[in-house]
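Step one of this worksheet: look at the structure below.
The values are calculated or read from the model by the stated rules, or taken from the named source; none is laboratory data. Not measured: the values here are computed from a predicted model. Note that each Cβ is placed from the backbone with ideal geometry, even for glycine, and that neighbours are counted across all protein chains shown.
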Ligand code: GLN
């Protein structure tokens, strides 16, 4: 009889242990959440898609990887159109925006919580290499300018059109499309963030050039999280402070040949 009771007890203990593991008592590493970082990856040197690996690479992925390591976070990157980024946070399709996004622009800070600034820069005007244009002030009402939809540059070319300063402000989904419009002579200029314009000119100085000075407000690039996600934002800000303090941030600026203004 005793033997039978022992076997029943042993069987019950095994069932209990199995139920415990099946109800989340499993390996803690498998419970670690992978955070989705959403971006628009035609914005080199901040982010672009590596042609061979298909990976999203650049300053932002390197910076966020260093922050994630410092804070024990796991990240995966998702590429989407720039004007889909904040809606992605709002609909829980993404956890973090890191996309050279200016936290001061428009109503963005009403819709998402932005972190500490990690880069400062202004906009610039790219024109064809043989253009006579000397800067944004020299643009005439018969001209067309391109920039990316949903960005500070995109808003600027639309505003210039509304004010009659240009015939048309063309806003496109990808920066590569904007450059193509310039190369094809469809537009007389592209308004783009200075470090991104410089990166483009590194390989296209035969067909384009930068004219005039930087313009628009001094932009402050920051990562962002869904409104109210203070815990995650605090981790990201702490990680940023730590990689600035330990020299990693400056090494990344040098790696991408960039200097925050
Ligand atoms: N810095 C600009 C903005 O915040 C452009 C960003 C981008 O195209 N990734 O709107």
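Restricting to region 185-214, give me the number of residues that are over 25 Å from the mean Cα position of the chain (by Cα) and farther than 14 Å from residue 129 by Cβ.
Here the count works out to 3.
Which one is farthest from residue 121 (Cα to Cα), of the residues in region 139-160 that are within 13 Å of the ligand (Cβ to nearest atom) and part of a helix (DSSP H, G or I)?
Filtering first and then ranking leaves 158.
Among the residues of region 161-181, how many are more than 16 Å from the ligand (Cβ to nearest atom) and in contact with a strand residue (DSSP E or B) (Cβ under 7 Å, 6 or more places away or on another chain)?
Counting residues in region 161-181 that are more than 16 Å from the ligand (Cβ to nearest atom) and in contact with a strand residue (DSSP E or B) (Cβ under 7 Å, 6 or more places away or on another chain) gives 4.
Could you list, in sequence order, the residues of region 137-152 that are under 15 Å from residue 188 (Cβ atoms) and either out of contact with any strand residue (DSSP E or B) (no Cβ under 6 Å at 6 or more places or on another chain) or crowded, with 21+ Cβ neighbours inside 10 Å (or both)? Before you say what the answer is, go through the steps one by one.
Restricting attention to region 137-152, the residues satisfying the condition of being under 15 Å from residue 188 (Cβ atoms) are 137-147.
Hits for region 137-152 are 137, 138, 139, 140, 141, 142, 143, 145, 146, 147.
Any residue at all in region 89-97 that is part of a helix (DSSP H, G or I), away from the ligand (no atom under 14 Å from the Cβ) and touching a strand residue (DSSP E or B) at 6+ places or on another chain (Cβ under 9 Å)?
Looking for residues that are part of a helix (DSSP H, G or I), away from the ligand (no atom under 14 Å from the Cβ) and touching a strand residue (DSSP E or B) at 6+ places or on another chain (Cβ under 9 Å), one finds at least one in region 89-97, hence yes.
Starting from region 216-231, keep only residues that are within 21 Å of residue 192 (Cβ to Cβ) and at pLDDT below 95, then list their pairs with residues that are within 16 Å of the ligand (Cβ to nearest atom) and not in a loop (DSSP other than H, G, I, E, B) whose Cβ atoms are within a distance under 6 Å, requiring at least 6 positions of separation or different chains.
Note: pairs meeting the criteria are 216/122; 216/123.
Test residue 123 against the criterion of being touching a helix residue (DSSP H, G or I) at 6+ places or on another chain (Cβ under 8 Å), within 17 Å of residue 182 (Cα to Cα) and either within 16 Å of the ligand (Cβ to nearest atom) or part of a loop (DSSP other than H, G, I, E, B) (or both), and give yes or no.
Yes, satisfied.
Please list, ordered by first then second residue, the pairs with beta carbon atoms under 7 Å, 6 or more apart or interchain, first in region 152-166 and touching a residue at least 60 places away in the same chain (Cβ under 8 Å) and under 16 Å from residue 214 (Cα atoms), second part of a helix (DSSP H, G or I) and near the ligand (Cβ under 10 Å from one of its atoms).
Within 7 Å, no pair qualifies.
Being surrounded by fewer than 16 Cβ atoms within 10 Å (Cβ to Cβ) and touching a strand residue (DSSP E or B) at 6+ places or on another chain (Cβ under 7 Å) is the filter here, so list the residues in region 187-211 that pass it.
207, the sole residue that qualifies.
It is to be established whether one or more residues within region 20-36 are on the phi < 0 side of the Ramachandran plot, at pLDDT 95 or above, assigned to a helix (DSSP H, G or I) and more than 16 Å from the ligand (Cβ to nearest atom).
Of region 20-36, the ones on the phi < 0 side of the Ramachandran plot are 20-23, 25-36.
Among the residues that remain, those that are also at pLDDT 95 or above are: 34-36.
Subsequent filtering for residues that are assigned to a helix (DSSP H, G or I) retains none.
No, region 20-36 has no match at all.
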